[in-house]
Amino acid sequence: MNEIIKRYKECLDAGKTERECIRLAVSMAEEAGYKPLSQYIENNTMLKPGDKVYAAYNEKTMAMFNIGEEDIEKGMNILGAHVDSPRLDVKQNPFYEEEGMAYMDTHYYGGIKKYQWVTVPLALHGVIVKKDGTKVNVVIGEKDDDPVFAVTDLLIHLSKAQLEKKASNVIEGEKLDLLVGNTPLEGEENEAVKKNMLKIFNERYGVEERDFLSAELEIVPAGKARDMGLDRSMVMAYGQDDRICAFTSLFAMLDVEKPKRTACCLLVDKEEIGSNGASGMHSRFFENIVAEICLLTGHTGDISLRRALSHSKMLSSDVNAAYDPLFPDVFEKKNTAFLSKGLVFSKFTGSGGKSGSNDANAEYIAALRNIMENNDVKYQFAELGRVDAGGGGTIAYITAQYGMEVIDSGLAILCMHATMEISSKADICEAVKGYKAFLTEMK
């Protein structure tokens, strides 16, 4: 368990953005013997059982395949998770100055409680791409001697009117701007502080103000994943929704050798904002890659692709809300996930009357129960809160459109979508064990 947790925390620290996660996953896959699928395509080399390949899109989405003994038309066993997390994104024209202080303008990404993002140490991660295509990776705020940044809040002494607002409006989206400095550039009279910040960026990264038009910069909590509790039984870190499922899926996938059915690990982007875009699950990226796999295993017709997808089985690996005794009113305890009780299966998600949900078949659930119990994997079934309390969604309903069997399967966490989330170390280990059992034993 200690080795798994150590590796998990290192992955969280190294992967605070979707790009960082995919770069890390590619590195780990190649170290484990996976090769770019593009090499097989370019050389028209056929795939055979035991071959390990991967394909990635723009450092945001990735699919890994361990080719099985069975014909691809009989389907795959797929682990699917998302690597994007709620955060603050830097706008394309970010820098401005007000009364001697320089800021970066932001737009929040995904569902957040905006008041949680003020007065905490923040780091800047991302990429700036120059006109000539040069790509500059940016990380500021993670080293011990790095500066950090902050979104400011109103002092309590002047907060009477602010505290009378609804929690959703206490901090407005346009006030989530990042304070980045207040030292003016010597010899400048107008916007001297802003110009100094741009000068510092130029000295460090060689970029100009216009280069931020083609940048993807993300603001995330600074600092490392930490053991939590006197007994060190938990992990507290940013981005565990859904990287706790992404990394445990990746660990399981890398540990699989010579599966009977082709094993697949799919890491996608944009789930937190609806799975749209070229790197989201709604795109044709995964379908196109499976079509290439079919072609390189000897299948030339579209029907082979349809069969491969419809005969597949998938775990949509995403987190669920852990029961919090301090907020019992939003949970229904008989159908709630608990920390340290193992892998969480959710027959359906959605909200209210299962709106927007994939609803897994009973036959599929029975097969999963059998595999988990045969491999001594601790598991539980849960819904995300009371029927009328809220709800949530995953990528399950999207892949289910191919006709494959899909169920949500992840881990319970406390404080979901907060700047710091809490998970159970025991659950992390059960997830790796359960995901590997699924990849190797599901028929």
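The values are calculated or read from the model by the stated rules, or taken from the named source; none is laboratory data. None of the values given here were measured: they were computed from a predicted structure. All Cβ positions, glycine included, derive from the backbone under ideal geometry; neighbour counts span all protein chains shown. Note: accessible area is taken over every heavy atom of the protein model, side chains too, but ligands, DNA and RNA are not part of it. Shrake-Rupley method; radii C 1.70, N 1.55, O 1.52, S 1.80 Å.
Side notes on the structure shown:
- The chain shape via C-alpha gyration tensor axes, a/c threshold 1.5: oblate
- Proximal charge balance of Y40 [Cβ under 10 Å; K/R count +1, D/E count -1]: -2
- To put it simply, the accessible area of the chain at a 1.4 Å probe is 50 percent carbon and sulfur.
- T300 paired with A150, simple spin-label distance in nm, labels 7 Å along Cα-to-beta-carbon: 6.7 nm
- Estimated FRET transfer efficiency (K143, N375; beta-carbon r; R0 56 Å; 0.05): 0.85
- In terms of its alpha-carbon gyration tensor, region 86-129 comes out oblate; a/c meets the 1.5 threshold, while b/c is at least as large as a/b.
- Heavy-atom accessible area per residue - region 299-443, 1.4 Å, Å²: 43 Å²
- Label-to-label distance, nm, for residues given as K224 and K199 (7 Å Cα→Cβ offset): 3.5 nm
- Length-normalised contact order of the chain in % [C-alpha pairs under 8 Å, at least 6 apart]: 22 percent
- Additional length obtainable on full extension of the chain from M1 to V387, 0.36 nm per residue less Cα span: 135.4 nm
- Seen from all directions on average, region 90-231 presents a Cα convex hull projection of 11.7 nm².
- Pairs from K131/K224; K35/K347; K260/K347; K48/K425 whose Cα-Cα separation, in the structure shown, is over 31 Å: K131/K224; K35/K347; K48/K425
- Dividing the helix sum by the residues of the chain, where each DSSP H run of 4 or more adds -39500 (n - 2.57), gives a mean residue ellipticity at 222 nm of -8500 deg cm²/dmol.
- Rounded Å value of the spacing that divides the Cα centres of region 69-106 and region 29-60: 24 Å
- Qualifying trypsin sites (Lys or Arg not before Pro) for region 157-186 [loop in DSSP, other Cβ within 10 Å: at most 15]: K160, K165, K166
- Taking trypsin sites (Lys or Arg not before Pro) across region 241-307, the ones in a DSSP loop with at most 14 further Cβ atoms lying within 10 angstrom of their Cβ are R284.
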